[in-house]
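Q: For reference, the structure I am asking about is given below.
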Amino acid sequence: MRSKKSGRTEVFGIIGFPVKHTLSPHFQNAAFASLGMDAVYIPFEVPPEKLKPAFASIKALGLSGINVTIPHKQAVLPLVDALSPEVKGIGAANTIVFRGGRSKAYNTDGEGFIRSLKSDLKVNPKGRSVLLFGCGGAAKAIAFVLAREGAKNITFVDQVEKRAKELAAKTKKDFPRCGTTYIPFSGPRIKEEVLDSDLLVNASPVGMHKGDPCIVDPTALHKGLAVYDIVYNPPATPLLKEAKKRGIKAANGLGMLLYQGALSFEFFTGKKAPVPVMRAALKKAVKKC
């Protein structure tokens, strides 16, 4: 039975557009329940043009914390009172905590990704060549941790070439030992880069929607490649299906979602996240999708 909510109930949530598909409430609310906390986690769909007034309302209403997803991870930064060192380095936030009338932004995407990469795929990025699709908020966090963890080089690809160029330059500036380059979203160089890469990461929305193609030419997928697609709904994107056909180790973004959510929970509450409980709730929610 659900516990009754009252004026003392702490309210947390997630803002994004769209956000109705999010699985975060399932495992965050399970975590609160397992620790006997009087708290609730709710999704709030906020279109880009309403971000500023929505953020002000969230703060005024006394919410304790929010997660931030597409397309607000960068746009929210000017609205926050303080930024963590990770947010300053990455240039995007996915977690905001409200205390004492002030807000502070954190980023758990990168740490969530690297935990999943190492535990789910058993891949250490040190010394590896990486091909990264997408240069939005999640990709910024992923590039940051890959370079920090010693990736040999990262090739950036985005439909907006300017974004790829800027993220390549920023990564090189922050981590001079990591080689960086950017290439067009389409064309023969993509296949060449796949063949030359050790790790392919899809941090773009390609694969989320019915009818989306495989983001690369499937014939370029090779046995020496590991594939990580941060899309988790559907659980098997065209890219992951093609990787599976070829016996290539691959993972979707459920692990990243779980671990970034666990870290967000710890920032929100100051308590150790009950990861096994959150994992079980996430798996249950996925089965219902």
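Q: Say R0 is 35 Å: what FRET efficiency, to the nearest 0.05, do residue 102 and residue 280 get from their beta-carbon distance?
A: My answer for the efficiency is 0.50.
Q: Would you please classify the overall shape of the stretch 79-167 from the alpha carbon gyration tensor, given that a ≥ b ≥ c denote the square roots of the eigenvalues, rounded means a/c under 1.5, and beyond that prolate means a/b larger than b/c while oblate covers the rest?
A: Judged from the Cα gyration tensor, the stretch 79-167 comes out oblate (a/c at least 1.5, b/c at or above a/b).
Q: Related question: Extending each Cα 7 Å along its Cβ direction at residue 37 and residue 266, get the distance between those two points in nm, one decimal.
A: Taking the simple label geometry, residue 37 and residue 266 are separated by 1.3 nm.
Q: List the residues whose amide H sits under 5 Å from the amide H of residue 39, counting only those 5 or more places along or on another chain, with H placed 1.01 Å from N in the peptide plane.
A: 10
Q: Let me ask something else about it. Can you give the net charge of the other residues whose Cβ lies under 10 Å from the Cβ of residue 237, counting K and R as +1 and D and E as -1?
A: -2
Q: Let me ask something else about it. Just to be sure I understand: with springs between alpha-carbon atoms less than 10 Å apart, which residue in 65, 13, 224 has the highest mean-square fluctuation in the Gaussian network model of the chain?
A: The residue that fluctuates most here is 224.
Q: Tell me which of 29, 91, 106 sits at the most positive position along the dipole axis of the chain, charges placed on C-beta atoms (Lys, Arg +1; Asp, Glu -1).
A: Of the listed residues, the answer is 29.
Q: Only Lys, Arg, Asp and Glu count, each charged at its Cβ (+1, +1, -1, -1), so figure out the dipole size of the stretch 123-248 about its Cα centre, rounded to 20 debye.
A: Dipole of the stretch 123-248, to the nearest 20 debye: 260 debye.
Q: With labels modelled as points extended 7 Å from the Cα through the Cβ direction, what inter-label distance (nm, one decimal) is found for residue 52 paired with residue 4?
A: Result for the modelled spin labels: 4.2 nm.
Q: Given charges of +1 on the Cβ of Lys and Arg and -1 on the Cβ of Asp and Glu, with all other atoms neutral, how large is the dipole of the chain about its Cα centre, in debye to the nearest 20?
A: Magnitude of the dipole: close to 640 debye.
A short reminder: the numbers here are calculations on the coordinates, not readings from a lab. From a predicted model like this one, the values you see are computed outputs, not experimental measurements. Please note: Cβ atoms are built from the backbone with ideal geometry, for glycine as well, and neighbour counts cover all protein chains shown.
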